[in-house]
Each structure stands twice: as structure tokens, then as C-alpha cells.
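Below you'll find the structure, written out as C-alpha cells, and then a few comments.
The values are calculated or read from the model by the stated rules, or taken from the named source; none is laboratory data. Every value quoted in this text rests on a predicted model; they were computed, and no experiment measured them. Note: ideal-geometry Cβ built from the backbone for every residue, glycine included; neighbour counts use all protein chains shown. Each accessible area value is taken on the protein alone, full model and side chains, heavy atoms only, with ligands, DNA and RNA left out. Shrake-Rupley method; radii C 1.70, N 1.55, O 1.52, S 1.80 Å.
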Amino acid sequence: MLRVALTGNICSGKSTVAEVFKKEGLHVFDADRIIRGFYEERGEVYERVLQAFGDGVLDERLSIDRKKLADMVFKDEEKLRLLEEITHSALYRRLEEEYKKLPENSIVVLEASLLIEKGTYKNYDAVVLVHSTYELCKYRALKKGFTEEDFERRWSRQLKPEEKLKYAHFVINNLSGLEDLKISALRVARVLKNWLEFQDGSY
């Protein structure tokens, strides 16, 4: 099994690359989506979040309001650390469960923003970095509906794109449009598939 970390700053283009990888047969797991799923399941993670932060983070349907939760934790480093401890430990347990269900010759990809910052990139065979500029990421974020304040506070928690380059085995630049991004992602996906074949002794 080849384990790949797919990362990049907010609105760098990770999700587009992930879609290309999926079409090429790679097994992609989205960290944010899995964590949202924990909240919707209303299981252990949901209960632990309520115990830690109170029912003020709930909406009228008693679902966790991710914006309310973000507003609370981004203002307090200790609360943010606690939330990450709750969600990340559950995330990595779930991922290991999912990986075990796949054939041994699979390529698994975890899409997440903070893999380098948290040091968890070390658990992967390869790091794919989607690289873009601050200006382009901000432009895309505002078009998606982020407020400028929300974008800036998320950006401030992430290493600058240029600093992430030294951790990457593959760099996919997202500087010149969607089609170029997809072509670059396709090339990387095919290299990863060749890498797996070589690793398995298929050559």
C-alpha cells in the first residue's frame, strides 16, 4: 500500500486534484469531510465536543454549527488544541479502519490542510503539495463565500506555501487555470501508480 499526503493552503486547489486522483483509481479520503461526518453521526466525537465546548455550538436542530465552533476555537489557542485533539485522534483511527478494508496494492490519499504543520506528513510515503499564491488563494476563498476575516485567520495557522515546498515530493502548481491544474494532477497520479507497481515488483 502506498500512502500519500495531499496538502496545500486554503483554496489552493486540493479538492480539484483529489477529484483527478479519484478518477485515476486512487482512494482519496478528505479529512474535513470525515470530521463533518463525526459531527453528523452524533457519536463519541459529537459528545466530546459538547462536553468540551457546551451546547452554545449547536444550531436549532441540535447539530454542531461548524461556524460557531470555529469562531470559538480560533480565538483561543487552548480550545483549538483541544478540538484538534478530539477530532484528529478519531480521524486517524477511522482512516486506519478504512485502509484495512482496501486491497494491499492500493494507493491511499489523505487530503488535509495541516499535514505538514502537524507533522503527520511523516506517516506517508509521499507528500503532494498543491502550490498557489496568497493572492490567488484569497481570491478563490472570497469567491467561495469566505469572509476576509475567516480566510486570514485560517491562513495565519498555515505555513506559507513557499515554506512547504521543502517537504514535498511532488509539487502541483495552481497558478494558470483549471485545465493546467488537472493536467498536472493527472501526471502526478500516473507517476504514483508507476511507483506502486515498482514497489510491488511488477517491473
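Key figures for this structure:
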{"read-out": "Fraction of accessible area attributable to carbon and sulfur, the chain (%, probe 1.4 Å)", "value": "49"}
{"read-out": "Accessible area per residue in Å² at 1.4 Å probe, computed on the chain", "value": "55"}
{"read-out": "Extended-chain gain in nm, criterion 0.36 nm per residue less alpha-carbon gap, LEU159 and SER106", "value": "16.1 nm"}
{"read-out": "FRET efficiency for LYS22 and LEU142, using Cβ-Cβ distance with R0 set to 25 Å, rounded to 0.05", "value": "0.40"}
{"read-out": "Neighbourhood net charge (9 Å Cβ-Cβ; Lys/Arg +1, Asp/Glu -1) for ALA185", "value": "0"}
{"read-out": "Cα-centre dipole for the range 60-198 with unit charges at Cβ (Lys and Arg positive, Asp and Glu negative), debye to 20", "value": "200"}
{"read-out": "Kyte-Doolittle mean at least 0.0, axial Cα span of 20 Å or more - DSSP H helices of the chain", "value": "178-199"}
{"read-out": "Per-residue SASA entry for SER89, accessible area with 1.4 Å probe, Å² rounded to 10", "value": "50"}
{"read-out": "Packing-based ranking, highest mean first, of 126-133, 57-64 given that Cβ atoms within 10 Å are counted", "value": "126-133, 57-64"}
{"read-out": "Dipole of the range 101-203, positive direction: furthest Cα of THR133, PRO103, VAL191, with charges on the beta-carbon", "value": "THR133"}
{"read-out": "Probe 1.4 Å, all protein chains present, accessible-area order of TYR134, TYR46, largest first", "value": "TYR134, TYR46"}
{"read-out": "Relative contact order of the chain, pairs being alpha-carbon contacts under 8 Å that are 6 or more residues apart, as %", "value": "39"}
{"read-out": "Set of lysines near LYS122 by C-alpha distance (under 17 Å), chain-local residues within fewer than 8 positions excluded", "value": "LYS164, LYS166"}
{"read-out": "Over the chain: helical MRE at 222 nm, DSSP H runs n ≥ 4 each giving -39500 (n - 2.57), nearest 500", "value": "-16500 deg cm²/dmol"}
